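Novice: Please see the structure below; I have some questions.
The values are calculated or read from the model by the stated rules, or taken from the named source; none is laboratory data. Keep in mind it's a predicted model, so treat the numbers as computed, not measured. Cβ coordinates were reconstructed from backbone atoms using ideal geometry, including for glycine residues, and neighbour counts include every protein chain displayed.
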Ligand code: SF4
């Protein structure tokens with residue numbers, strides 16, 4: 001990226017992105033996550049949550065180039081689901097989801113070998129916010145991937161196999177999902193990747209219904225009980241509070257609704273005109289819902305921005321696109337073929353269950 005490019009104004013960037021899109025036509029698909037900034041959303045052909053984007057990526061068979069605007073695990077997921085001849089690009093390769101980094105393959109394999117000693121039937125479930133090698137681990141071990149939109153269906157599937165779900169890396173999504181199925185905290189075991197496991201712990205695991213991993217999203221765990229109470233106090237009983245299931249259970253319990261970003265979007269869109277909403281998820285997304293629903297009163301539960309998602313910029317997108325149009329593509333996203341094969345199995349199992 002040269003100095004001239006760095007000085008470009010955002011309307012000029014958008015104009016040039018549109019020119020490249022016109023030039024490349026059907027060869028190019030741009031996917032953008034709901035948490036992206038407005039400039040990116042405006043340029044994207046499809047905008048959605050992780051589940052929607054995974055479904056779209058797996059169906060775009062005509063596009064030669066897929067450009068994924070989000071954090072790295074999502075671009076990796078697209079690489080796994082696309083055809084080998086398609087090329088996937090991630091314009092902000094440095095944008096890593098901190099939650100996804102909270103479980104490493106060696107830690108999960110260690111946990112798995114200890115859990116086998118319980119002689120229980122255990123099925124691993126990995127949240128989509130994870131590295132590809134963890135998805136591959138699930139593919140190899142009869143497990144599957146889940147997103148916040150289908151975590152309950154995936155957990156129900158594991159129970160239907162008479163197995164115990166081993167859910168990683170987001171503790172809160174696992175716990176909130178289990179709560180929604182009537183499972184109590186004392187029926188869950190929290191696996192601490194840094195901790196030691198005693199014989200007593202193994203006995204304890206044998207008696208539990210769900211095994212969780214100690215991991216969290218710093219954006220969603222920033223919402224507190226005090227925030228919920230402050231909103232109720234400020235706006236009274238008419239305000240509806242809707243939060244994401246990566247929030248802590250205490251916040252979920254005090255809220256009126258809980259669900260994925262697509263659930264939040266649909267719930268607010270379908271709500272009657274004049275209704276009032278406080279939304280507990282990423283701020284760029286909340287601001288967009290507010291703008292798109294001028295007939296409702298909408299506030300963020302608190303201003304919480306995902307710094308990693310914000311590393312994606314229009315300029316970075318333009319750089320990737322102009323390189324493509326000039327016939328000198330930037331480095332694409334790659335995933336080791338063996339990892340890709342098994343990760344795909346776990347993702348496809350998820351898509352079947354969803
Ligand atoms: S909002 Fe949380 S889970 Fe989503 S990308 Fe950012 S840090 Fe990761």
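Novice: For the range 213-323, which fully contained helices (runs of 4 or more DSSP H) count at least 3 residues that are closer than 30 Å to residue 20 by Cβ, away from the ligand (no atom under 16 Å from the Cβ) and not assigned by TED's automatic domain parsing to the domain that holds residue 16?
Specialist: Result: empty, no element qualifies.
Novice: Please determine whether any residue of the range 49-56 is touching a strand residue (DSSP E or B) at 6+ places or on another chain (Cβ under 8 Å), touching a residue at least 60 places away in the same chain (Cβ under 8 Å), assigned to a loop (DSSP other than H, G, I, E, B) and surrounded by 15 or more Cβ atoms within 10 Å (Cβ to Cβ).
Specialist: Within the range 49-56, one or more residues are touching a strand residue (DSSP E or B) at 6+ places or on another chain (Cβ under 8 Å), touching a residue at least 60 places away in the same chain (Cβ under 8 Å), assigned to a loop (DSSP other than H, G, I, E, B) and surrounded by 15 or more Cβ atoms within 10 Å (Cβ to Cβ).
Novice: Sticking with this one: Any residue in the range 37-48 that is more than 14 Å from residue 333 (Cβ to Cβ), in contact (Cβ under 8 Å) with a residue 24 or more places away in the chain, within 15 Å of the ligand (Cβ to nearest atom) and out of contact with any helix residue (DSSP H, G or I) (no Cβ under 6 Å at 6 or more places or on another chain)?
Specialist: yes
Novice: Might you let me know whether the range 259-271 holds any residue that is farther than 28 Å from residue 128 by Cα and out of contact with any helix residue (DSSP H, G or I) (no Cβ under 7 Å at 6 or more places or on another chain)?
Specialist: For the range 259-271, residues farther than 28 Å from residue 128 by Cα and out of contact with any helix residue (DSSP H, G or I) (no Cβ under 7 Å at 6 or more places or on another chain): present.
Novice: Given the criteria in contact with a strand residue (DSSP E or B) (Cβ under 6 Å, 6 or more places away or on another chain) and either within 15 Å of the ligand (Cβ to nearest atom) or not assigned by TED's automatic domain parsing to the domain that holds residue 28 (or both), does residue 75 qualify?
Specialist: Against the criterion (in contact with a strand residue (DSSP E or B) (Cβ under 6 Å, 6 or more places away or on another chain) and either within 15 Å of the ligand (Cβ to nearest atom) or not assigned by TED's automatic domain parsing to the domain that holds residue 28 (or both)), residue 75 qualifies.
Novice: Just to verify a result, which residue in the range 23-36, among those that are in contact (Cβ under 8 Å) with a residue 60 or more places away in the chain and away from the ligand (no atom under 16 Å from the Cβ), is surrounded by the fewest Cβ atoms within 10 Å (Cβ to Cβ)?
Specialist: Per the criteria, the residue is 23.
Novice: Which residue out of 67, 88, 20 is at pLDDT 95 or above, away from the ligand (no atom under 16 Å from the Cβ) and in a helix (DSSP H, G or I)?
Specialist: None of the others qualify; the one that does is 20.
Novice: Okay, moving on. Restricting attention to the range 94-112, does a residue exist that is within 15 Å of the ligand (Cβ to nearest atom), at pLDDT below 95, touching a helix residue (DSSP H, G or I) at 6+ places or on another chain (Cβ under 9 Å) and at negative phi?
Specialist: No, every residue in the range 94-112 fails to be within 15 Å of the ligand (Cβ to nearest atom), at pLDDT below 95, touching a helix residue (DSSP H, G or I) at 6+ places or on another chain (Cβ under 9 Å) and at negative phi.
Novice: Can you find a residue that is in a strand (DSSP E or B) and crowded, with 16+ Cβ neighbours inside 10 Å anywhere in the range 178-189?
Specialist: yes
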